[in-house]
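Written out below as structure tokens is the structure these notes cover.
What follows draws every value from the coordinates through simple rules; no lab data is involved. None of these values were measured; they are calculated from a predicted model. Cβ: placed from backbone, ideal geometry, glycine included. Neighbour counts: every protein chain shown.
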Amino acid sequence: MAQASRIHRTADVSVSASVGDATQIWNEVQVRDGARIGSECVLGKGVYVDVGVVIGDRVKLENRVSVFRGARLASGVFVGPHTCLLNDKRPRAVTPDGRPKGAEDWTVSGVSIKEGAAVGGGCTILPGVTGSVVTRDVPDHGLVVGNPARLIGYVCECGGRLQVDGVCTVCSRIHRGGFEQLARAAS
């Protein structure tokens, strides 16, 4: 039997949004028209989910995360507090001729976060190319640090570091796919 979702009384969830079973939506959350939120998700205090955003199952959005139109988050994604997933590479209030910029004056470019990925707190992620610290796409399982971000290794789905042979140091899961060459290049 499916467990009902829980929506805090101060949350504002559009009637045209869909919310999966056992999802928890906490206080001051806003979910706009046409957004789709999967099952068993947690949306912390003050989360903003824009029009048409798609969020997979078992996703956790910490307090004050903003996910703007065009974003797609696969299942199992974690997004840390005060993170923004943006949709406009060149945001401006007005057009070149000085009139207020409207919906027809820009193109939505969504951010996609792959299954099981974790995005730390306080990040700003731009579409196409990622934000102010991460300057290029991060490979699957990639672990990046610094400013600008640099690849220092790889992690398992459990969050443990992968050794050069692709074996997880925490759960011993074996990963295939060229981690040996990539891990050497990262060091």
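Take every DSSP beta bridge with both residues inside the stretch 1-142 and express the antiparallel ones as a percent of the total, to the nearest 5. Bridges in the stretch 1-142 that DSSP calls antiparallel: roughly 5 percent.
A simple count of charges around Gly38, restricted to other residues whose Cβ falls under 11 Å of its Cβ and scoring Lys, Arg +1 and Asp, Glu -1, yields -1. In the elastic network of the chain, a GNM with C-alpha springs shorter than 10 Å, the most mobile of Asp165, Asp137, Asp97 is Asp97.
Remark: Thr107, Thr83, Thr124 ranked as Thr107, Thr124, Thr83, counting other beta-carbon atoms within 10 Å and listing the fewest first. Toward the positive end of the charge dipole of the stretch 73-173, with +1 on the Cβ of Lys and Arg and -1 on the Cβ of Asp and Glu, the farthest Cα among Pro96, Gln163, Val77 is that of Pro96.
Bridge orientation summary for the stretch 61-148: considering DSSP beta bridges with both residues in this region, about 10 percent are antiparallel. The order of Tyr154, Tyr48, going from fewest to most other C-beta atoms within 10 Å of their C-beta, is Tyr48, Tyr154. Straight Cα distances below 17 angstrom link Lys114 to the lysines Lys60, with same-chain residues fewer than 8 positions distant left out. Neighbour counts of C-beta atoms inside 10 Å place Ile7, Ile152, Ile174 in the sequence Ile174, Ile152, Ile7, starting with the fewest.
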